[in-house]
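Have a look at the structure below before the remarks.
Bear in mind these aren't lab numbers, they're just calculated from the coordinates by the rules spelled out. Since this is a predicted model, take the numbers as computed values, not measurements. Note that we place each Cβ from the backbone using ideal geometry, even for glycine, and neighbour counts take in every protein chain shown.
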Amino acid sequence: MKTLLRILIALPAILFLVTGLRWSLDPSSAAAALGMSLMDGVGRSSQIGDVGALFLSMGIMMLVALITSRRSWFHAPALMLVLVAILRVIAWLAHDAALALDMIMVELVVAGLLLLASSRLSQAD
Amino acid sequence: MTVSRGRLPLRLTATALALASLCGMALAHAARPNVVLILADDLGFSDIAPYGGEINTPTLSAFAQSGVRFTNYHTTASCAPTRGMLLTSVDSHRNGVPNIPETIPPEQSVFPNYQGFLGTNVVTVASLLQDAGYHTYMAGKWHLGKERDQLPFRRGFERTVTMADSGADNWEQKPYLAIYKKANWFADGEVFELPKDFYSSRFLIDKTIEFISSNADDGQPFFAYVPFQAVHIPVQAPQAFTQKYMGVYDSGWSELRKQRQHRAEQLGITPVGTPMVDMSSTSDWNAYTEDERRYHAKRMAVYAGMIEAMDHHIGRLVDYLKKTGQYENTVFIFTSDNGSEASGGDDPRSPLLRFALKMQGYNTDYETLGLKGSFNTIGPSFASAAASPLAYYKFYAGEGGLRVPLVIAGASVPAMEKPNNAFTWVTDIAPTILELAGVKPPSGRYGGHPVEPMIGRSLLPVARGESDRVYSPTETIGYELGGNAALFQGDYKVVINIPPMGDNQWHLYNIVTDPGETQDLSTQMPQRFQEMLGHYQNYVAKNGVLPMPANYDAARQGVINGILDRFGGQILLAVLTIILLVPFYIVYRTRRR
């Protein structure tokens, strides 16, 4: 069970790392994968910097969590993912964005896995 | 306002002079001809009827009848270098496109003149015409760069619909090679989706007519560049056109090569009694089974149908210009980017090839050959017949790769009954167009920065019968592409062709009396031979021609470049991900122990 849980955390962690790296190597296709086009000027800088950093941070934190088994490392990416999902709903309700249900589901499932892992795999900080 | 009596005549005179000047300018503008530059893709020397072909090309025949056929016109042996030189009149090693980008090896691509896209150090004929008040249109294959700033809308073309790759499917928006993720079509610089009822030749002429119509009433002349996809692979044609040639090629490629040789001689395209070689890549027709011969004959029937379809659609453009009263003031220039294409082999139905094509969404079935979803080629044996009576074909520096049809017809070009045998070169087209338009070539600078000078000569004096030659017997023209090289001087040519078809040795031929390159004169004329080799070395030094890396293989390089171009990003991503993951894994394993 624990091994399966580790694998289920490691896979999205690697996916987040790849997505983060993709923002630095091929930002236009990385943007397209998230349903946006690559902007110009400062907008492009923010897209690559902020979004790339978000994904890389989450991936690295999840891998650190698996190695150290420290609870806070599981909680941090889970918090980020839950916030992303909440902001997506706010974007839909208040700002005419599309309701990206598939993405929200993935974010909540991974956040749930991280919280589950924090209780099953972790030791106290 | 009052005008004093003394000043009135003066003002009237000034007004009259201004009006006269304006009228003069208007007349001068009205006299400038429209120019339609039509470029076929991979069309062999004797494919069209005016050059000895059995293929029905009434529009091109009419051009040939009312204008001039050049029988000693040479281009480069591959598409992108030709297109670069055609539009800029600058040697391919100076304009950035010395080879197709798909096959430039890394040892060369580090040099600025070997980037595979048109450099900013050259100016296109379209830019110069646009500056001179011409409307400039392009519909067709570009292949001189696929980044936004490299597309034709940035190189002097006012309206464009263009395919940026080396080729693409003729029936749908689909890449023909696995090295491309998609067929890259653009309209006025933006990504473009082809219509559902697309067929390349019809679509390109439809767009050309649409562009011309959009400005037809403003009195300004136009320059329309129409680089067809026909007859590049995949060779595809509407069934009605293919049907006309079913049974025509049942006697095989060797017989066809002889028939075309004979007709070319009758038409005065080549000297009577022109000898020709049998290419080692030509298979024995009689060694094939009846079913195989039937299949090969249909491959060529589709090819012929594709050429006739192209001619038919050029005819639609001519009809449109006649109906709108623009035909009489239009000059047509028709040519090909290089000789016939031999790829595809003589066993296109082998299980391996069928599997590879199936992965691309293609089949090679007999029943649907040439139609949507079908991948057709003519292979080396029919390619040799398409270049009859010349030796070699596309990619090689033999005459079959370099010598292609050139017809100029229309306003201010008188009919010339006999074909013209003056040596002409691809860089001569742009200066010819500029002279037709009354526009001067760039003099050292353009757009605020230095540009390469045009090296070609206008063909109009020869086309009008005012001159016999474009180049004097002592002038030299050098050429190199992927290690295949040549130098022309007067009636002579030194040439080297690399393997697999070439022997990697220099030879000397008289290409006027022996266009088939059958008799090597290097031992009979050693002094001329050595002098011309020396001129070639000067050409190499002057133009920055780089040596090919040892063991260079264009096909292998094409696969490597294709993989890197299409999957290079993903490969780098995978490597970086692994590099990032390795420390985590090491720490993880260490802690577990």
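Observations
- Under the Karplus curve 6.51 cos²θ - 1.76 cosθ + 1.60, θ = phi - 60°, whole-Hz ³J(HN,Hα) for the range B:181-198, x wherever Gly or Pro sits: 6, 8, 7, 8, 9, 9, 10, 6, x, 9, 4, 10, 9, 6, x, 5, 8, 5
- Residues whose placed amide H lies under 5 Å from that of residue B:330, excluding near-sequence neighbours: B:34, B:411
- For residue B:522, the residues whose amide H sits under 5 Å from its own are B:508, ignoring neighbours fewer than 5 places away on the same chain, with H placed 1.01 Å from N.
- With contacts taken as Cα pairs under 8 Å at a separation of at least 6 residues, chain B carries a relative contact order of 22 percent.
- Amide proton proximity set for residue A:69, modelled H, under 5 Å, gap of 5+: none
- In a DSSP loop and with at most 15 other Cβ atoms within 10 Å, the GluC sites (Glu not before Pro) in the range B:431-515 are B:466, B:475.
- Computed [θ] at 222 nm, helices only, for chain B once each DSSP H run of length n ≥ 4 contributes -39500 (n - 2.57): -11500 deg cm²/dmol
- Phi-based couplings in Hz for the range B:575-589 (Karplus 6.51, -1.76, 1.60; Gly and Pro marked x): 5, 5, 4, 5, 4, 6, 7, 4, x, 4, 5, 4, 5, 4, 5
- Within chain B: Cβ-based charge dipole about Cα centre, in debye rounded to nearest 20 (Lys, Arg +1; Asp, Glu -1): 1800 debye
- Between the residues B:524, B:138, A:105, the greatest Cα displacement towards the positive end of the dipole of the protein assembly as shown, with unit charges on the Cβ of Lys, Arg, Asp and Glu, is found for A:105.
- Neighbour-limited loop hits for GluC sites (Glu not before Pro), the range B:80-167 (at most 12 other Cβ within 10 Å; DSSP other than H, G, I, E, B): B:147
- The mean sequence distance of close C-alpha pairs (under 8 Å, at least 6 residues apart), as a share of the length of chain A, puts its relative contact order at 29 percent.
- DSSP finds beta bridges in chain B, and of those with both partners inside it, around 55 percent are antiparallel.
- Spatial offset of the range B:319-338 relative to the range B:31-108 amounts to 16 Å, using the alpha carbon center of each.
- Cross-link table B:323/B:440; B:181/B:394; B:146/B:174; B:141/B:182; B:322/B:372, entries beyond 21 Å C-alpha to C-alpha: B:323/B:440; B:181/B:394; B:322/B:372
- Across the range B:35-51, coupling constants 3J(HN,Hα) worked out from phi with the 6.51/-1.76/1.60 Karplus curve, θ = phi - 60°, read 10, 10, 9, 10, 10, 7, 10, 6, 7, x, 4, 10, 6, 8, 4, x, 10 Hz, and Gly and Pro carry x.
- Rounded to the nearest 500, the helix-only mean residue ellipticity at 222 nm of chain A stands at -26000 deg cm²/dmol, with each DSSP H run of n ≥ 4 adding -39,500 (n - 2.57).
- Measure of compaction for the range B:553-593 (Cα Rg per 2.2 N^0.38 Å): 1.85
- Unit charges at the beta carbon, dipole of the protein assembly as shown: most positive-side option, B:325, B:156, B:433: B:156
- Note on the protein assembly as shown: the C-alpha convex hull projects to 44.9 nm² when averaged across all orientations.
- Ranking B:561, B:585, B:575 by how far each Cα lies toward the positive end of the dipole of the range B:553-593 (charges on Cβ) leaves B:585 at the top.
- Dipole magnitude (debye, nearest 20) for the range B:553-593, charges at Cβ of Lys, Arg, Asp, Glu: 500 debye
- Cα-centred dipole magnitude for the range B:162-249, charges only on beta-carbon of K, R (+1) and D, E (-1), debye, nearest 20: 480 debye
- Cα-based shape type of the range B:30-543, given that a ≥ b ≥ c are square roots of the gyration tensor eigenvalues and the cut on a/c is 1.5: rounded
- If you model chain A as an ellipsoid using its alpha carbon gyration tensor, with each semi-axis the square root of five times an eigenvalue, the axes come out at 27, 17, 12 Å, biggest first.
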